[in-house]
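Worksheet for the structure shown next.
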Amino acid sequence: MSPSSPSFAVEFDEINQEIVLRGTMRVRSPEEMTDATDLIRRSFGHGGHLVYVNIKRLTHLNMTAFRCIADVLTEACLADPQRRIVIVASSVIAWSAPLFETLASAQPNLSVEIYDSAFYPGQTFVEDESFIPILRTQTKMTWRHEREILPRHGMKEGMAIADICCGIGDFATLIKRQFNPTRLIALDHSKKSLEYARRVAAEFGLNSIEYTYGDASQMLLADNQFDFVTCRHSLQIFDRPDILLRELYRICKPGGRVYITNEKNSHCLGEPHSESIRWTYDEVAKLFSHFDMDVEMGPKSRRLLTDAGFDTIKVESFMVTNLDGDPRDFADVIEAWENVYAGQMAVRRGDSPDFIRRFRQGFKDHVLAALHPKGYAGWPIWAASGRKPF
Ligand SMILES: C[S@@+](CC[C@H](N)C(=O)[O-])C[C@H]1O[C@@H](n2cnc3c(N)ncnc32)[C@H](O)[C@@H]1O
């Protein structure tokens, strides 16, 4: 580890061949960068043919600091033209990629990758705008259950709360009204969803929710800040949920709790036509798994929370059904799932027209079960939480 000043640090991770820069690099003279550039230079000496330079948590960089880093990178490129250097930036820090792309354009062995788009290809489906109406109806349906469940997991009035992967922010508005937190941050990676969230909050006259653009696996939030951290229906779309859980753990105060919800899609059910419905949802699970997402995660919550270091873990499951509220809401959600899953996702996987026809039939039967006067349709969800030890 690192030469560091109070405001920035540089370290070399030998296992990942990664030089990590973080913090605020605002220096008055190149001398203040000497320790950092020496370490970068030595790291290239230890590194192999492919070295990553991770700037995802470098929040500020003035021109003096940039020039020092640019010089040491250029020197490393020229010293070994066979070596590839990849700068890993994040779209969260908007200035960083264009700045380093200019540098990369002059060096053939230097390139820039935007971490959050290059590493989560599958997630473009869930950041799609077409999901916005579904998310809103989904939350309406789950809130009937969760407003009772949350206090059993420790949520109460007057807490500092973070909702990570908040989507369109509707859950945060409900939390705000029901539990009146002292501080409420809602973070997501979809700018469209956040715009929508801010608009809805303004319409509701709620101006204290801090809607924040960010990458949940690399948050810029400080450690040990929140009494209660929620992350709903989102761990299941990360191929590395452990990384996200580590971040949720980090921002939670010791003694605070992290609350997660996840599904087990193959347990969606309905009557009549239960067989067709079951077949389709088994296929939904396989389809998501093709894109490295695990929509069977619900019952794994206890293990995931335990492995992440939480204690006093609580797990419960609930079934959203067509009898909870307006059955049309249930049907709308299923139709929206059909649109995305049997639409762009199945097509992207290369499924045949025959498969897609059968796949769609199960959703149509689920809708029929929801709207049938004697029908029953269900969508099971697992809610789990763990305490961060003192
Ligand atoms: C299935 S939605 C769930 C949204 C919300 N929690 C809910 O229950 O309605 C998953 C959310 O995760 C967000 N997301 C995906 N990758 C993310 C990342 N790397 N950082 C932050 N949010 C991310 C998506 O934009 C989307 O809003």
Restrict the check to segment 104-114 and report whether at least one residue is away from the ligand (no atom under 15 Å from the Cβ), modelled with pLDDT under 95 and in a helix (DSSP H, G or I).
-> yes
For segment 174-184, name all the residues that are within 12 Å of the ligand (Cβ to nearest atom) and either open to solvent by less than 10 Å² (accessible area, probe 1.4 Å) or closer than 19 Å to residue 236 by Cβ (or both).
-> 175
Qualifying positions in segment 283-312 - outside any helix (DSSP H, G or I), at pLDDT 95 or above and surrounded by fewer than 17 Cβ atoms within 10 Å (Cβ to Cβ) = 309, 311, 312
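Listed here are the residues, each with its yes/no results for (1) without any contact (Cβ under 8 Å) to a residue 24 or more places away in the chain; (2) within 13 Å of the chain's Cα centre (by Cα); (3) open to solvent by 20 Å² or more (accessible area, probe 1.4 Å).
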| position | (1), (2), (3) |
| --- | --- |
| 220 | no, no, yes |
| 230 | no, yes, no |
| 250 | no, no, yes |
| 258 | no, no, no |
| 267 | no, no, yes |
Going through (1) open to solvent by less than 60 Å² (accessible area, probe 1.4 Å); (2) closer than 19 Å to residue 380 by Cβ; (3) at pLDDT below 95 one by one, residue 332 fails only at (1)
Segment 193-218: number of residues that are without any contact (Cβ under 8 Å) to a residue 40 or more places away in the chain, of a type in the set (A, V, I, L, M) and surrounded by 13 or more Cβ atoms within 10 Å (Cβ to Cβ) = 5
Here are some residues: 33, 25, 63. Which one is within 22 Å of residue 95 (Cα to Cα) and open to solvent by 30 Å² or more (accessible area, probe 1.4 Å)?
-> 63
Taking segment 36-60, which residues are free of Cβ contacts under 8 Å to residues at least 40 places away in the same chain and open to solvent by 20 Å² or more (accessible area, probe 1.4 Å)?
-> 38, 41, 42, 45, 46, 48, 49, 50, 52, 60
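The values are calculated or read from the model by the stated rules, or taken from the named source; none is laboratory data. Quantities reported herein were computed from a predicted structural model and do not represent experimental measurements. Glycine also receives a Cβ, built like all others from the backbone with ideal geometry; neighbour counts cover every protein chain displayed. Just the protein is used for accessible areas: all its heavy atoms, side chains included, with ligands, DNA and RNA removed. Shrake-Rupley method; radii C 1.70, N 1.55, O 1.52, S 1.80 Å.
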